[in-house]
1. Checking the conditions here, which among 105, 93 is under 29 Å from residue 58 (Cβ atoms), out of contact with any Asp or Glu (no Cβ under 9 Å at 6 or more places or on another chain) and surrounded by fewer than 20 Cβ atoms within 10 Å (Cβ to Cβ)?
2. Which condition breaks for residue 119 when tested against (1) surrounded by fewer than 18 Cβ atoms within 10 Å (Cβ to Cβ); (2) in contact (Cβ under 8 Å) with a residue 40 or more places away in the chain; (3) aliphatic (A, V, I, L, M); (4) within 18 Å of residue 28 (Cβ to Cβ)?
3. Out of contact with any Pro (no Cβ under 6 Å at 6 or more places or on another chain) and either touching a residue at least 24 places away in the same chain (Cβ under 8 Å) or basic (Lys, Arg) (or both): does that describe residue 79?
4. State yes or no: is residue 175 among the aliphatic types (A, V, I, L, M) and in contact with a Lys or Arg (Cβ under 7 Å, 6 or more places away or on another chain)?
5. With the condition being of a type in the set (Val, Ile, Thr), I'd like the helices (runs of 4 or more DSSP H) fully within region 103-167 carrying at least 3 qualifying residues.
6. Restricting attention to region 143-154, and to residues there that are in contact (Cβ under 8 Å) with a residue 40 or more places away in the chain and buried (at least 18 other Cβ atoms within 10 Å of the Cβ), which single residue is nearest to residue 85 (Cα to Cα)?
7. Within region 65-85, can you find the residues that are closer than 17 Å to residue 21 by Cβ, surrounded by 17 or more Cβ atoms within 10 Å (Cβ to Cβ) and touching a strand residue (DSSP E or B) at 6+ places or on another chain (Cβ under 6 Å)?
8. Considering (1) surrounded by fewer than 16 Cβ atoms within 10 Å (Cβ to Cβ); (2) over 15 Å from residue 39 (Cβ atoms), say which one residue 184 fails and leave the rest.
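Rule-based calculations on the coordinates, nothing more; no lab input. All of these numbers come straight from a predicted model, not from anything done at the bench. Glycine gets a Cβ as well: all are built from the backbone with ideal geometry, and neighbour counts include every protein chain shown.
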Amino acid sequence: MSEQTKTPSPHAELKLVPRKSKFKKLVVKIVFFVLGRGLQSASKHDATIQKEVATWPENALVLFKVLPETPRMAFAKTANGRLVYRGTKVADEDATIVIAFKNIECAYMMMTAQVGTAMAYSEHRLAVRGDLVLALSIIRCLNVIERYLFPTIIAKNIMRRMPDIPFFKRNGLRLWIYLLGVAFGI
């Protein structure tokens, strides 16, 4: 009998490697920075965020990250009940709660207001590790900050129910956040 040679399947050696999107990664990093600094600034001036943060455990540390490794953003509750942006150098083990996006595509869609938080979670674009009650409180804070950061036409598309913030307060604090909060952390 002759020995038959097996021809390998054309798909046998196929290794799928995710595309590297430097532009999307840069956009997510920038939005994480703006979001973190915006939360820090808004926590000093917005009563809704202050009430939510008051229910969090002492020294709660929240980490947003994109799998497999970057970008990342963390913020923490301080002793006086405010939020402070902690940057990108926070270990997963130190975080009270970790909100992880499955990949850069999912994070990009959410951070550019193509998909809202509720839709992203329901489509399994992100996962939460930690206390679910705390996660829901964080989502409420995100809805408030998104209301400040985004114009109404965009905010309507990404939120089920927009926080009721009076026009002049919303636009005044929006101006404060963009001019002083993001730039200087005030």
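1. 93
2. Of (1) surrounded by fewer than 18 Cβ atoms within 10 Å (Cβ to Cβ); (2) in contact (Cβ under 8 Å) with a residue 40 or more places away in the chain; (3) aliphatic (A, V, I, L, M); (4) within 18 Å of residue 28 (Cβ to Cβ), only one is false for residue 119: (2).
3. Answer is no for this residue.
4. Judged against the criteria, residue 175 is not a match.
5. Once the helices (runs of 4 or more DSSP H) in region 103-167 are filtered for at least 3 residues that are of a type in the set (Val, Ile, Thr), what remains is 132-149, 152-158.
6. From region 143-154, those in contact (Cβ under 8 Å) with a residue 40 or more places away in the chain are 144-145, 148-149, 154; that's our starting set.
Okay, now just the ones that are also buried (at least 18 other Cβ atoms within 10 Å of the Cβ), so 144-145, 148-149.
Working: 144: 17, 145: 14, 148: 17, 149: 16 Å.
My answer is 145.
7. Scanning region 65-85 gives 65, 66, 72.
8. Unmet for residue 184, out of (1) surrounded by fewer than 16 Cβ atoms within 10 Å (Cβ to Cβ); (2) over 15 Å from residue 39 (Cβ atoms): (2).
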